[in-house]
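Read the structure below first, then the notes.
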Amino acid sequence: MTTFVDRVELHVAAGNGGHGCASVHREKFKPLGGPDGGNGGRGGDVTLVVDQSVTTLLDYHHSPHRKATNGKPGEGGNRSGKDGTDLVLPVPDGTVVLDKSGNVLADLVGQGTTYIAAQGGRGGLGNAALASARRKAPGFALLGEPGDAQDIVLELKTVADVALVGYPSAGKSSLISVLSAAKPKIADYPFTTLVPNLGVVTAGATVYTIADVPGLIPGASQGRGLGLEFLRHVERCSVLVHVLDTATLESERDPLSDLDVIEAELKEYGGLENRPRLVVLNKVDIPDGQDLAEMVRPDLESRGYRVFEVSAVSRLGLKELSFALADIVAKARAAKPKEEATRVVIRPKAVDDAGFTVTQEEDGLFRVRGEKPERWVRQTDFNNDEAVGYLADRLNRLGVEEALMKAGARAGDGVAIGPEENAVVFDWEPTMAAGAEMLGRRGEDHRFEAPRPAAQRRRDRQAERDEADQEYEGFDPFA
């Protein structure tokens, strides 16, 4: 059963914004008390958060589809809808977020680091928020905006200071078990270690982490064996340690050839040329192993390597090795640039930036692209003539009509707003007549202008009383 997963494809979807409400306040003696439709709630975000208690992406391997909740629609009585609940997904430290094309979207390192993978949609405005001096009683509301949805790839790159690399059964797991408190699985057969093991080592005042990388064999960088799956785990390490088996039973292998093979795979993988390296000659507690170590040590030192002869069984040479690694790690940490507080950079838009573009395509269609026009289209209820008229007014005020004229558009030309796969297409008329003009002045409700029956009856009764009073004043009972 799979217990460790370091690469998954995740399908995330944020919540949709709730629709605004179109409502008119009604109570006794106030049949038309004005618009009181509330706004829709915001859709929930999908956020990735680094949690150091999480060490694997196994949960997302079994459940790759994650969705935040939608915002609630607005209601009458100026009641806004409830916002959707954000979905927080914990990921291990060192997780890299990529898109389907392999482009890096975020590199999540450090406890609490966050990345919004999908942003929730905005809630639509209710007709109470849309009311103005010119539009006293809107008979429409804006729709909620759909939330973002995308497919992302999560890759885990172990955050460790030291990486142990070498052939299977070279003794990496045994070495990490005696240097730290880690308890990896140990056995005398190839590919015993199927997942990277991580341990914490204390050497003097320096505390560092050490990881072994399993499955490196010839052709690992090309996908052979398990090496390609785990080579990414050495990318963040400050120092590489070649663990060479001096007691191998395979006649065609020796420490020097093993080193050449592993170095060739690391070079083929790329990006590790400048990392400091140490060589550990393991299993020198065996007589033949000690003899072989003494034979190859001069050749290794002539290549510029620092060589340590150790035994995970007798613990020979482990103290010297741990302090040497601590020294290299301390120097690497000191050489890193100090982290500065995050600065907020404000980049105001240019004065002549209209926020949209108008281009003419080969088939003569004019396409309008921009954040505001596309969002306004998504929030428009095209079954409501007044809402369409409101959209026309907004586009006109933004300057879309003027830009179309400058681009050479003529009455009857096709205009598309939005991307090719999801656009609203219409035949353009310079006046942008949308049909709402037939309702009278846009945004007004003629019901407010019509006489109210009850009020008319009161006025009629008052007129009758006034007329009776006038007749009574002119009446003389003694005449």
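The values are calculated or read from the model by the stated rules, or taken from the named source; none is laboratory data. Only a predicted model underlies this, so the values are computations on that prediction, with no experimental measurement involved. Don't worry about glycine lacking a Cβ; one is built from the backbone with ideal geometry, like all the others, and counts go over all protein chains shown. Remember, those area values only see protein heavy atoms, side chains included, never the ligands or the DNA or RNA. Shrake-Rupley method; radii C 1.70, N 1.55, O 1.52, S 1.80 Å.
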Long-range neighbours under 6 Å by Cβ, at least six apart or interchain, first residue closer than 19 Å to Ala312 by Cα and modelled with pLDDT under 90 within segment 274-302, second of a type in the set (S, T, N, Q) and open to solvent by 10 Å² or more (accessible area, probe 1.4 Å):
Val284/Gln290; Asp285/Ser314
Verdict on Lys136 being outside any helix (DSSP H, G or I), closer than 30 Å to Leu391 by Cα and at pLDDT 95 or above
no
Criterion first (among the aliphatic types (A, V, I, L, M), surrounded by fewer than 17 Cβ atoms within 10 Å (Cβ to Cβ) and within 23 Å of Arg42 (Cβ to Cβ)) does Leu105 satisfy it?
yes
From the list Val261, Val344, Val310, which residue is among the β-branched types (Val, Ile, Thr) and modelled with pLDDT of 85 or more?
Val310
Determine which single condition Ala220 fails, assuming it passes every other condition in (1) more than 30 Å from the chain's Cα centre (by Cα); (2) small (Gly, Ala, Ser); (3) modelled with pLDDT of 75 or more; (4) at negative phi.
(3)
Take the conditions among the basic types (Lys, Arg) and not in a loop (DSSP other than H, G, I, E, B) and apply them to Arg42. Does it pass?
no
Residues satisfying the stated conditions in segment 9-56, i.e. modelled with pLDDT of 90 or more, crowded, with 17+ Cβ neighbours inside 10 Å and hydrophobic (A, V, I, L, M, F, W, C):
Leu10, Val12, Ala13, Ala14, Cys21, Ala22, Val46, Leu48, Val50
Matching residues in segment 304-328 (surrounded by 15 or more Cβ atoms within 10 Å (Cβ to Cβ) and of a type in the set (Asp, Glu)) number 1
Scan segment 273-317 residue by residue and report those that are touching an Asp or Glu at 6+ places or on another chain (Cβ under 8 Å), among the basic types (Lys, Arg) and assigned to a loop (DSSP other than H, G, I, E, B).
Lys283
Based on what the data block shows, is Asp59 surrounded by fewer than 24 Cβ atoms within 10 Å (Cβ to Cβ) and closer than 23 Å to Ala117 by Cα?
yes
Among the residues of segment 62-84, what is the count of those that are out of contact with any Asp or Glu (no Cβ under 6 Å at 6 or more places or on another chain) and either open to solvent by 90 Å² or more (accessible area, probe 1.4 Å) or modelled with pLDDT under 90 (or both)?
7
